[in-house]
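In what follows, a single structure is set out as structure tokens and then discussed.
Nothing in this text is a laboratory measurement; each read-out follows from the coordinates by a stated rule. Given the structure is predicted, the values throughout are model-derived calculations rather than measurements. Counting neighbours? That spans all protein chains shown, and the Cβs are built from the backbone with ideal geometry, glycine included.
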Amino acid sequence: MNKFTKAIVRTPSKSLIKGLSSANHGIPNYELALKQHTEYIKALISCGLEVTVLPPDENFPDSTFVEDVALLTDNCAIITNPGAESRKGEIAAIDEVLSKFYRNIYRIDDPGTIEAGDIMMVGSHFYIGLSERTNEEGAKQMIYILEKYGKTGSLINLEKVLHLKTGLAYLENNNLVACGEFLIKDEFQSFNIIEIDESESYASNCIWVNNKVIIPLGYPEAKEKIVNAGYDIVEVDVSEFKKLDGGLSCLSLRF
Ligand code: GLY
């Protein structure tokens, strides 16, 4: 894996408190979310990334979960088409930003829908989860674009979780953090699986950044397992984003 050098994040808007949530986890505290977001940016910087911080967008409560609106690769960017109705408008704002970094920019079109929280990169292969947000047509369009650049993709049926990366994280060197339904899927049995207990499932959404792993604060067993696999850990408290089903990965685009 080449190192990541950059990240894009979007500051949470005050409308964050109206973000989508699948369960009653409570309403996020906006001031605390802002503080946590600042610490998250510091964590990315500590892993060697130059971070572009986009301004809050009050029109879109979930727009801080910037990962969902684009897939960034080493030679192209693909703007997604979110499956959540309230998130579709987020893509307009990402176009201009990406044109500063990419010459090759593509889009996923209706009836295809896809959110990049459903996409996990493993080298030049991309696993795409079919979820309530990502449909087969969206995944096929994504793979068609990736194949132009010598990359491949395959589909994974999701059963319970919101996004593929809700329960999976690839840490390079064939090491895969996995939880719940992903532990038994045939597609992942050739990886060295770092199993996360259901009680700490939120920590299975962690991110590899240049040989460090950023994990959510408060999951000691998951932390120990990832440390034992040989990684330096950076912990960040993201409790306010968890209330909206948002994981660590959702808060940034890394490239
Ligand atoms: N609240 C994040 C999402 O549902 O997309």
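Structure above, values below:
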read-out: Computed FRET value (nearest 0.05) for residue 96 with residue 22, which takes r as the C-beta separation and R₀ as 25 Å; value: 0.20
read-out: Computed E for residue 104/residue 173 - FRET, C-beta separation, R0 30 angstrom, nearest 0.05; value: 0.60
read-out: Charge context of residue 203, other residues only, Cβ under 12 angstrom, K/R +1, D/E -1; value: -4
read-out: Cα principal axis extents for region 171-211, largest first, Å; value: 27, 23, 10
read-out: Å³ per residue enclosed by the Cα convex hull of region 1-112; value: 124
read-out: Radius ratio Rg over Rh of the chain, counting only Cα atoms, Kirkwood formula for Rh; value: 0.92
read-out: Exceeding the 24 Å Cα-Cα cut-off - candidates 6/151; 223/243; 151/225; 18/140; 42/151; value: 151/225; 18/140; 42/151
read-out: Hits among aspartates and glutamates - C-alpha to C-alpha of residue 160 under 18 Å, sequence gap 8 or more where chains match; value: 115, 118, 132, 136, 181, 186, 187, 195, 197, 198, 200, 245
read-out: Computed E for residue 52/residue 154 - FRET, C-beta separation, R0 35 angstrom, nearest 0.05; value: 0.70
